[in-house]
Structure formats: structure tokens, C-alpha cells
Amino acid sequence: MSRKPILQLLLTNDKASRWLFIVMGVLGVLVPILNLAVPADSAFHVPTYMVTLIGKYLCFAMLALALDLIWGYCGILSLGHGAFFALGGYAMGMYLMRQIGDRGVYGNPVLPDFMVFLNWQELPWYWYGFDNFGFALLMVFLAPGLLAFLFGWLAFRSRVTGVYLSIITQALTYALMLAFFRNDMGFGGNNGLTDFKDILGFDLQADSTRVSLFVITLLCLAGAYILCQYITRSKAGRVLISIRDAESRTRFIGYKVEHYKLFVFVVSSLIAGLAGALYVPQIGIINPSEFNPLNSIEIVIWVAIGGRGTLYGAIIGAILVNYAKTTFTSGVFAEYWLFILGALFVITTIYLPRGVVGILDGYRQKVARKKADQAAATPVPQTAGGK
Amino acid sequence: MNYTIKKIVLIAIGLLLSWISVGWSADFESLTKEVAQSSYAQKNKLIDQLVALEDPRSLTVLKAMLDGKLYLQKSDQTVVIGEDHPDGVQIKNISDEQVIDVVGARSLEKVKINNSVRGKLRTVIASLQLSAKDASLRRQSARDLIKSPDAELRDIIAAAVEREESSSVKKEMELALALVDVESENADRRKQAIKVMSASYSPEALAVLERLSADKEGAADIAKLAAEGADKVRHRMGIMKFIENLFFGASLGSVLLLAAIGLAITFGVMGVINMAHGEMIMLGAYTTFAVQQIFPNWIEASIIIAIPMAFLVSGSVGVLIERTVIRHLYGRPLETLLATFGISLFLQQLVRTYNSNNVPVVTPDWMSGFYQVNGALSLTYNRLYIIVFSLLVLGLLALLLRKTLLGLQMRAVTQNRAMANSMGIRSSWVDALTFGLGSGIAGIAGVALSQITNVGPNMGQGFIIDSFMVVVFGGVGNLLGTFFAAMGLGVVNKFLEPYAGAVLGKIFVLVFIILFIQWRPRGLFALKGRFVED
């Protein structure tokens, strides 16, 4: 365990993290300049939709990070992480909905459009307070966090593990999806929440707002990454890894396995909720299909393709797969996207158990070995010190 | 004066001629034609003569006439039965009911009836039906009369009750009679009618009884009697509703059982999470569709043919998946889950590329329809068959596991793979066959499910979560547990539905299972024994 501050540690000792921060820094500086300062007809101009698209990828990357924290470091394969993401998104969506005020289609100053449409007379109690950004932000963390705490407390205490846990997390998100699809729930039913106007008084359609959201997302991703690195490098992180590798042994040694699992599960759900909250204002809609078990499984494949248990691998995987998805689903290959995704699942699990990061590592090691061989073969001592 | 006499004579001759012609034309077609051509006043008499012929076809003609579907063709004055058709009117021959043609409405003249003829027709049709040779026809007409009681038909119904031999049909006729009698002036008759109605299961009788019991102006004793009767009927119908719910629950449970039973093998016996299980069901359903397409003339037998076919198709796909993918992933359940999920996406898209819409699977005649137990309870055949079928599959599977060599080897591999290997069991082959068996059974389930749900690329997804719930709830590796879990969940779901609605009921069940797993992490019937983890 190093006593150095975590950021310094990551920048100096961890090559991958250093690169990640460099790329994020470049993105965070270049994208706003290229979008706002460069004229629209310039070849270097980054259109606003592209800013939003990258912002979306970053939200997904954060979600993948959250999953990697529990799956890669604690062996908890959640097939319902989309639920936490969606809950965070709904909390933010409710705030944005209240910000519409009387600018909705029906012009009702108190009730959102869908409630007017359903002939509701007054705002349900659970919508109170969402006109306050601070309260909404609290709920962004509280809603997924509480659910994760309750669910995790029950599940880990009774030692539900492995595939059983995966299946009941899937059931959880499925049940939530069914619930949110109901109009009576007061969350907009099928259509969800949409038609947002502004956030904290800034117009959501304005380029500057979009860019600000993008930068905030980037900062949050960086923060989440540092937090995850901090947790996994701490002493508790070592315990988590030992739980992943041998749960019973860790328990017998004397660690409270449930507590560690619960802690990391809740942290992960908070990150997922924040990702959802950042996702909604950029995309402009949140609906129950975010709870779809299929979405949650897709998150797993992002992590698996990127490389499980590395954190930066999850970010790479999420961005790669989603970039591929955007490319394929919008072109002539739209029909083949699911073939590709299906094949990715099979190929990564069988041939790439360590994901893209694993390939890069393997390549780097090969190069390093080659260099070492050359160094050993060469009698001149100066070349042996190379990296 | 002379003119008047002439007219009278002419009319008399005309009448005489028509009477003679009626007498002569004793055969069905010409008599029908006359009925169609004659005046309202004559129609009543001619209808009686038509009935007197005792020709079974006359019922169809009279019904068509009552419904305004009997036409005269303007060109040659032949009588036809017409049905509405997008391109005009589709006409049928009255003698053998064969479709002749589709013609424009202008070339036809509707056989008109007035109220008197209408009343006559109704009476005649009722008495014809009530005295039909076929008991099911008599039963049907009694049921029609229960739905719409007609005081004018009282004597006919009473006569029919007298001569009825089948006791069950007689009961329904008595109820029909009671529904007429209850409105009569005669107090004794009304009381008798209420008594009959109180012993029935009919919602119609209940409605009448409730109306009478609430009637403050009528006789007090009748109202009291009716109130008591209504209570009895309501109680009895409550029991029937319970049985109906139980039946629906059992049928839903057997659907779950069919969907989950294959999973119980692959997951329970092998510990493999097969997320493509739903797609194996889908393949089975599509096999049914394919069989029906290939043998369009054998629809009645198609289901029977499809069962072994679906087993082979899904089973061989299962073996293929096991040999190419799952084999590499044993001992890594989470990775298996992901890989099979990829396979499921692949298979779905494969089917979607062929046809992205739902395909129509025909239900054979012997599977449609329902068995009416009484006025308040009817059991649909397809659900009845599915219950029987799922139990049959479960029984056969249990036999296979208990009594065959493969079953023995499968159980041995489940319990201790290393020991089984050293005893000379080729566990890799057992794995492949077990996975094939589980997939094949999913295929069979698909055949059955094709009869009650839509068959489309997404159909498998609808079952996968439910199936997992059943297997986990019942306890992995235990067929009996799977059976109880499926039936229990099905019945609970159906009983929750009236109170909570279908969706909320389902949510409750899911939450219940999530909580249940906390209490018994290994399901209802956990395998006994000591397991070493990690």
C-alpha cells in the first residue's frame, strides 16, 4: 500500500491510467473549443450532436466502470445494473420535468403533460421536492443507493451468490421495468419522461449547455475512475479481490464478507445512478425500456470486451462497443448488428477472457520479451537498460 | 258489379292455383322458393309446410330468413343464402350450402319478413332446434333461450322439456323455461321457476334473481325467495370461479413447467446457465409452423408430427451449441451465461432475417373449442391439453432420469464428475446428450406454446426470465421442485390477477421470489448433501 495521494499515484505509477487521463484531458479541452470557438463550416468543427454522442458514450463508460467494480473486483455479476442507471435517470428526469413548468403542451403549471393527459388532479406525493435541483441530485444517489442497499443487504446476508444472484438481479430490473411501464405509477408509463426544456435555467438545446454537460460528464467519469481505483487499491480492495477468488476462505479468515460486498455494491449503484442522471439531460428522454434486462446484459458485454477487472478496460469496452453499435445500426449493416453483438459475446468469452486490454497486454509483454531477448543477446551493456 | 265479380273470381282462382301448387310442390327447393316469393300472410302457412317436410336443411334456410340473409336472385328467381363479402354478397346454394359466387347486391332481392313472420320464424326455429335429433344442437338452442328468454316460446319449451331424454340437456331446458315462467302472472309458477333458477349456475338466472330480490313493489315472498336463491347461485358461482382460477392457474403453471423443464435439466443437472433456452422454445414453435407449411393438408396431425421434429431440431441445435461453445466454458457459469446470451441474440436475429413478423400457426380443430361444464365454468381444450401434455413430458423425463442408462449416467455426472469419469462414464458425451435433451424438451415446449401464444422472433425472451424463476424457486436439480414451483407460481399469479391486475400480479410474484431466495437460497427443494464451495 502506497501512502501517496491516489491521483499522484495513478499519474506516476500506472501507465494505463496516465494515458486515460491524458485522453480525457485532451477531449475535455479540445471538444468544447472545436464545438464553440471553431466556425460551423470549418473542417475542424465538432457538431453538437457529436458532442452529445460522445457524452452518451462517457455515461455508458461510467456505467461499465460501476459494473467492473463489482464484477471485476468482487465477482458479483449483476444483470440488473441498468436498473440503478435508470433510477438515477428518472430522478434527474423528474427534476427536468418539473422545470418545464407551464410550457408543456397542456400548459398546466403544476402537472406534467402526461398527468394532465391521464386526468390526474394533483401531483403525487413522491413528486414533491423535485422542483429543487439539490433535492433531485440527492435522489439521484439516494434512489439507486437505497435500492442497492436493501437488495444487497438481503441478498448478501443470506449468501445468495454466483448465478443465483445474477438471476435475481435480472428479476429485479425486470420487475421494475414492468412497474414503470404502468401508467398508474406516475412516471409517465410507456412514454417515460421527455420534452425537457432547461436545466438550472440553461436551455438544454443550447450548444453551450450541451458542451457544459459534456465536460461535467467527463469530470464525473474521471472522478468515478479515481474513486474506483482508490477503493480497489485500498486494503478493502484487497479483501474484495480475495472474496472474488475465494469467498468462503475469506469468510473463514474472519472478514465480514457481507459488509464488504454490500459496501462495494452500493458504491457501484451510486456511480450507475450518477451516470443515468448525466445521460438523461443529454439524450432528452428516459423511459422504462432502460430497465430492460437486455440493456443490463449489454453492460456486462462492454466490460467483458474491454477487459474485466481493470477499470480502464471497462471504459474502453463501453466506448468501443457503443461506437460499433452506432456505426452499424445506422448504416446498411443494421440487420447484422445483433449477429455481430451475439458473436462478440461468444468470441470474447471463449477466446478473449481478458478482453481487449488482455490483447494489448499480451502484445506489450511479447514486445518486452523480445526486447529482453535482444538485450540478452547483445553484449553491449548500454542497450540493456531500455524500457 | 260485373267487374267486381270478375275480380273475385280471379282472386279465387289464383288462391286455388296457389293452394294446388303448394300441395304439389312437396319438395324442399320449390317450397323454399314459394316461401320466398309469397306474401307475408301466406308465408306463415308455407313455413309450417316447410317444417312438416322434416328436412334438416330447412333450419338453415329459416335461420337465414330470420337474419335477413335469404335472397332471391333477380335473374332466375332461385333462392340463395347470402353472406356479406368485401366485394358484394357471397351467395350459397340452399340445398347443399356450397358457395356459388360473389355477386353485387343489386342482382339480389332480399326475402322480406314482417313482425308476424319474424315471430313465426322464431317459434318454428326454436321448436325445430329443441326437437333436433342431435343432443348438442338441442343443448345449444336451450342455451340460446337462456340468453334471450322469449315468453312466446313457453309452450314449445315446456313440450321439449317433457320429451327430453338427456338429463343434462333437460336441466338447461328447464332453466330456459324457468326464465320465462319467472315473469308470468301465476305465483306458484314463479316460485317454482325461482326454485329451478336457484339451483343453476347461470349468470342470466342470477341477474334475474337479483332484480327480483331488489323489486320492492312486487310480492314480498317472491322477493325473499329470489334473494335466497341469488345467494345460493352466487355461492355456487364463487366456487366455480375458484375452480376456473385454479384451472387457469394450472394451465399457466403447465406453460411455465414446459418452458422451465428443459432449463431444469441444463441448469439443474449440468449447472449451465443457458440463456438461449428461450430460443430453443422458439425453434420448436417455428418447427411447428414449418411442418404446417410443408404438409398443409395434414393440419389436424401437424402438432403430433411437430413434436418429434421439434425435439430433433432444438435438440441437435443444443448439441451443436454444447460442442462448439459451452464445452469450453465448463466451471465458469457466468461466462457460459454471457456466451449463451450471445447465441440467443444470434438465433433471434437469424429468425428475424427470415421473417421479422409473427408467423401464423394454425390450431387444429380438435384443440380449439371448449368443454362447458356448466353455465359458469367452461374449460378450453387447448389449455386442458397443455396441462395433460406438460405432465406427460414431466413423467417421461422422470422415467428417463430414473430408469435408463443415460439417466443413471447423467445423475452420476451431476453428483460427482471426477468419480463418474473414473467409473468409465464418458462425461463429455453425457454433457452433450444432456444439453441436447434439455434443448429438445424446450423444442417440445415450443410446439405446445405455439398453440397459445404468438410465434415470433421475440417469443423466447418472454419465457426466459419466468423459466429461471421457476427453476430457482423450485430448487436446482430437482424435477419435483420444478413442478411444484411452476404450478404454485401459475396459480398464485392467476389468483392475484383479479385483485392486482396482470402486470402488478407479476411484479408481486417476482418480488416474492426475490425475497424467497433470501430465505432459502437453494430453492424449495434443495438437494440434500454437503457441497464444498470455492
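What the table shows:
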{"quantity": "Which listed residue is open to solvent by less than 30 Å² (accessible area, probe 1.4 Å), in contact with a Lys or Arg (Cβ under 8 Å, 6 or more places away or on another chain) and at pLDDT below 90, from B:401, B:338, B:329, B:334", "calculated": "B:401"}
{"quantity": "Odd one out for residue A:310, checked against (1) under 30 Å from residue B:348 (Cβ atoms); (2) away from chain B (no Cβ under 13 Å); (3) assigned to a loop (DSSP other than H, G, I, E, B)", "calculated": "(1)"}
{"quantity": "Condition check for residue B:332: within 14 Å of another protein chain (Cβ to nearest Cβ), in contact (Cβ under 8 Å) with a residue 60 or more places away in the chain, out of contact with any strand residue (DSSP E or B) (no Cβ under 8 Å at 6 or more places or on another chain) and basic (Lys, Arg)", "calculated": "no"}
{"quantity": "Residue check for residue A:149: under 30 Å from residue B:332 (Cα atoms), in contact with a Lys or Arg (Cβ under 6 Å, 6 or more places away or on another chain) and modelled with pLDDT of 90 or more", "calculated": "no"}
{"quantity": "Filter pass, residue B:355 being within 14 Å of chain A (Cβ to nearest Cβ) and either touching a helix residue (DSSP H, G or I) at 6+ places or on another chain (Cβ under 8 Å) or surrounded by fewer than 16 Cβ atoms within 10 Å (Cβ to Cβ) (or both)", "calculated": "yes"}
{"quantity": "Hits in region B:341-352 (condition: in contact (Cβ under 8 Å) with a residue 40 or more places away in the chain and open to solvent by 10 Å² or more (accessible area, probe 1.4 Å))", "calculated": "B:341, B:343, B:347, B:349, B:351, B:352"}
{"quantity": "Exclusive hit being free of Cβ contacts under 8 Å to residues at least 60 places away in the same chain, part of a loop (DSSP other than H, G, I, E, B), among the aliphatic types (A, V, I, L, M) and within 30 Å of residue B:336 (Cβ to Cβ), set A:110, A:160", "calculated": "A:160"}
{"quantity": "Subset tally (residues that are touching a residue at least 60 places away in the same chain (Cβ under 8 Å) and open to solvent by 10 Å² or more (accessible area, probe 1.4 Å)) for region A:303-314", "calculated": "4"}
{"quantity": "Test set (1) in a helix (DSSP H, G or I); (2) hydrophobic (A, V, I, L, M, F, W, C); (3) touching a residue at least 12 places away in the same chain (Cβ under 8 Å) - residue A:46 fails condition number", "calculated": "(1)"}
{"quantity": "Helices (runs of 4 or more DSSP H) (entirely within region A:199-267) containing at least 3 residues that are within 14 Å of chain B (Cβ to nearest Cβ)", "calculated": "A:235-245, A:247-253"}
{"quantity": "Only listed residue being at pLDDT 85 or above, within 30 Å of residue B:402 (Cβ to Cβ) and either buried (at least 17 other Cβ atoms within 10 Å of the Cβ) or touching a strand residue (DSSP E or B) at 6+ places or on another chain (Cβ under 7 Å) (or both), chosen from B:279, B:244", "calculated": "B:279"}
{"quantity": "Leading residue by the ranking (least open to solvent (accessible area, probe 1.4 Å)) among those in region B:489-503 that are touching a helix residue (DSSP H, G or I) at 6+ places or on another chain (Cβ under 7 Å) and more than 19 Å from residue B:463 (Cβ to Cβ)", "calculated": "B:500"}
{"quantity": "Pairs, first away from chain B (no Cβ under 11 Å) in region A:168-193, second among the small types (Gly, Ala, Ser), C-beta under 7 Å, six or more apart", "calculated": "A:193/A:93"}
{"quantity": "Selection from region A:355-366 of residues that are surrounded by 15 or more Cβ atoms within 10 Å (Cβ to Cβ) and out of contact with any helix residue (DSSP H, G or I) (no Cβ under 7 Å at 6 or more places or on another chain)", "calculated": "A:358, A:360, A:361"}
{"quantity": "Failed item, numbered, when residue B:19 is tested on (1) modelled with pLDDT under 75; (2) surrounded by fewer than 10 Cβ atoms within 10 Å (Cβ to Cβ)", "calculated": "(2)"}
{"quantity": "Residues located in region B:170-213, provided they are buried (at least 20 other Cβ atoms within 10 Å of the Cβ) and assigned to a loop (DSSP other than H, G, I, E, B)", "calculated": "B:182, B:200, B:202"}
{"quantity": "Members of region A:103-157 that are open to solvent by 90 Å² or more (accessible area, probe 1.4 Å), under 17 Å from residue A:194 (Cβ atoms) and either within 14 Å of chain B (Cβ to nearest Cβ) or not aromatic (Phe, Trp, Tyr) (or both)", "calculated": "A:103, A:105"}
{"quantity": "Those helices (runs of 4 or more DSSP H) lying entirely in region B:397-487 with at least 3 residues within 24 Å of the chain's Cα centre (by Cα)", "calculated": "B:427-449, B:459-474"}
{"quantity": "Residue satisfying all of: in region A:60-102; outside any helix (DSSP H, G or I) and among the small types (Gly, Ala, Ser); surrounded by the fewest Cβ atoms within 10 Å (Cβ to Cβ) among these", "calculated": "A:75"}
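Listed here are the residues, each with its yes/no results for (1) surrounded by fewer than 24 Cβ atoms within 10 Å (Cβ to Cβ); (2) within 14 Å of chain A (Cβ to nearest Cβ); (3) touching a residue at least 12 places away in the same chain (Cβ under 8 Å).
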residue	(1), (2), (3)
B:444	no, no, yes
B:450	no, no, yes
B:456	yes, no, yes
B:460	no, yes, yes
B:471	no, yes, yes
B:474	no, yes, yes
B:478	yes, no, yes
B:485	no, yes, yes
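The values are calculated or read from the model by the stated rules, or taken from the named source; none is laboratory data. As the structure is a prediction and not an experimental result, all values here were calculated from the model. Here Cβ is always computed from backbone atoms with ideal geometry, including for glycine, and neighbour counts include all displayed protein chains. Just the protein is used for accessible areas: all its heavy atoms, side chains included, with ligands, DNA and RNA removed. Shrake-Rupley method; radii C 1.70, N 1.55, O 1.52, S 1.80 Å.
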